1. Quick one: net charge of Ala364's neighbours, Cβ under 12 Å, K/R +1, D/E -1?
2. Share of antiparallel DSSP beta bridges in the chain, in percent to the nearest 5?
3. Please sort 65-72, 155-162 by packing, taking for each peptide the average over its residues of neighbouring beta carbons within 10 angstrom, highest first.
4. Net charge near Leu353: determine it from the other residues with C-beta under 12 Å of the C-beta of Leu353, scoring Lys and Arg +1 and Asp and Glu -1.
5. For the chain, what is the calculated [θ] at 222 nm in deg cm²/dmol (nearest 500), taking -39500 (n - 2.57) for each run of four or more DSSP H residues and dividing by its residue count?
6. Write down the percent of antiparallel bridges among all DSSP beta bridges whose residues are both part of region 403-554, to the nearest 5.
7. Under the rule a/c < 1.5 gives rounded, and otherwise a/b versus b/c splits prolate from oblate, where does region 211-287 land using the Cα gyration tensor?
8. Based on alpha-carbon centroids, what's the gap between region 192-267 and region 63-96 in Å, whole number please?
Amino acid sequence: MQVLKFASVIVTTAALALAVAACGGSDKATTSSSSTPGTPANASLTGTKGGHIDYLSSGDVDYLDPGLDYFTFGYMVQYAVNRPLYSFKPDDTSKPVPDLASAPPEISSDDKTITVHLRSGVKFSPPVNREVTSADVKYAIERAFTKHVASGYAGTYFGSIVGTPSKPNTGDYKPISGLETPDDRTLVIHLKTPSAVTVAAALVMPITVPVPKEYAQPFDAKTPSTYDQHVVFTGPYMVKNDASGNLVGRKPGKEVQIVRNPNWDPKTDYRPAYLDSITIQEGNSDLTTASRRVLTGSHLMCCDSSPPAPVLKQAVEKFKDQVTFISALGTHYFPLTTTIKPFDNLNVRKAVLAAIDRDALRQARGGPVTGDIATGMIPPGMPGYREAGGAQQGSASDFNTKPAGDMALAKKYMLAARAQGVNVTPDGRYAGGGQLLAVAINADPDRKIAEVAQAQFAKLGINLKVRLMPQDTMFTKFCEEPSANVAICLSASWYKDFLDPQAMLDATFNGDNILQHGNVNFSQLNDPKVNAGMKKAAVLPLGPERNKAWADVNNAIMADAAAVPWVWDKTALIASKDVKQVANGYTTVQDLAFSSLK
């Protein structure tokens, strides 16, 4: 018998992943506060119809293809141009609302079946033009398990669906038997394990954006799929295309032209879509200049990264009405790639955690206003935070208890590595020679953070060759590709996929989720005990036992010294004085479908 259990999904679900957002810290300058973690205090969601805004960014979106998109800046566009089954209104990240779906998901009493009903009247943009059906959602999920569409999270959150491949992203397209479409308006999801609450929570993610099989499958036959250049859309906006569906409005690294979707019916959508058009102007690697241009200019919003520290200080003091801080339950961290020497040695990794001055890194980002010092991967406001030790997570590991760094303790661990055969000098410095590849975003504050980090690693004799690049390139071509042999992604950050500690730890540190393409376990940690702990925690019901289990996983990851968490993030969003920017607590950036001109 089907039983409605959406209340438990509401408790579980909230926001996302990969690269620009916020959480932690308190400051008089903070203009956003809420009883709901990650939800910005937008003054009003009403706006004025019409007009155009330019959005200044340093880099590009990762993908427009919803099966590949797993990057915060990409989500800003994705949720304006497409419609997943469920999504979040800007001012409430605790309660997902039906989007493409017409009602809450129905979950069976054994937690192994989910039934979703779709609303009618939602159509694909040109050139497809037809109405969306449940088969389009089915295909969207199926394609994300193929080698052609290397989703970073399909296996993590949807691998419990009956008939999914044991190794996602490695094979050709095959239908998934656990996805049934009894009619055009119904999708039934059958699960191998009683994990329906977690799977239902993840139905807010772009993997559930419908994809028309008859149109996309020829593009999906290629490796990688070229659908990213031919996407059709279901939201109020679309990226400008031609009669054949080619996205002529996207010039990678230069701009994305977002225009109205002529097939969008506002009666089917909660989004007001005030603006007529938005152009994302990319390549603004000098975010200091770009940020100041936004604060003093007109019809502008910014940025795909926090404003550089000097501009942020100026904005807080002189343009406070043009700044919105958003707390998004996210963590900035340095993943230490455990397959690359010398980080394959646990004692070397412990030495790194002991040596890093996390406060110096935070100062480079803009100081306390940008968030609290992080000691683990579970940020404040997330279930499991208190159980993991709160602000002192991983405190059982002495190397994780000195936020300002402790070089004497670091030396102790380096000498322990020397005793194990690692090439370390008697004074505790690595002498293995060469430079380790580290990558970072080529715009401040990330560029400054990379400089500070490089100097700190050098104290241990670990020499980093830092390559600066746009963040979309950094993630898609380097951090997410194990073959690139990146030792450290210096601009790595992770944000909630939904309001549960699993969303902070599973994709990022589970050895079973290491992928050859689209990999987000940047450290490539593959600890059998951690993996087993995650497998057990994932099927526990919501509540104290589950929170404690994931807290234990978090602290086990810290004991493995697989990453250096350094700030629980809070991000500043800025706009011109004539722009009413609305922040979205899920995407952690401006909500393009709610922002408007004053």
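None of the figures in this text is laboratory data; all of them are computed from the coordinates on show. This one's a predicted model, so the numbers in the text were calculated from it and none came from an experiment. Heads up, the Cβs are rebuilt from the backbone with ideal geometry, glycines too, and the neighbour counts pull from every protein chain shown.
1. The answer is 0.
2. Among the beta bridges of the chain, antiparallel pairing accounts for roughly 75 percent.
3. Ranking the peptides 65-72, 155-162 by packing returns 65-72, 155-162.
4. With Lys, Arg at +1 and Asp, Glu at -1, the neighbours total 0.
5. One gets -7000 deg cm²/dmol as the mean residue ellipticity at 222 nm.
6. If I count the DSSP bridges inside region 403-554, around 10 percent turn out antiparallel.
7. Oblate.
8. Region 192-267 and region 63-96 have Cα centres separated by 11 Å.
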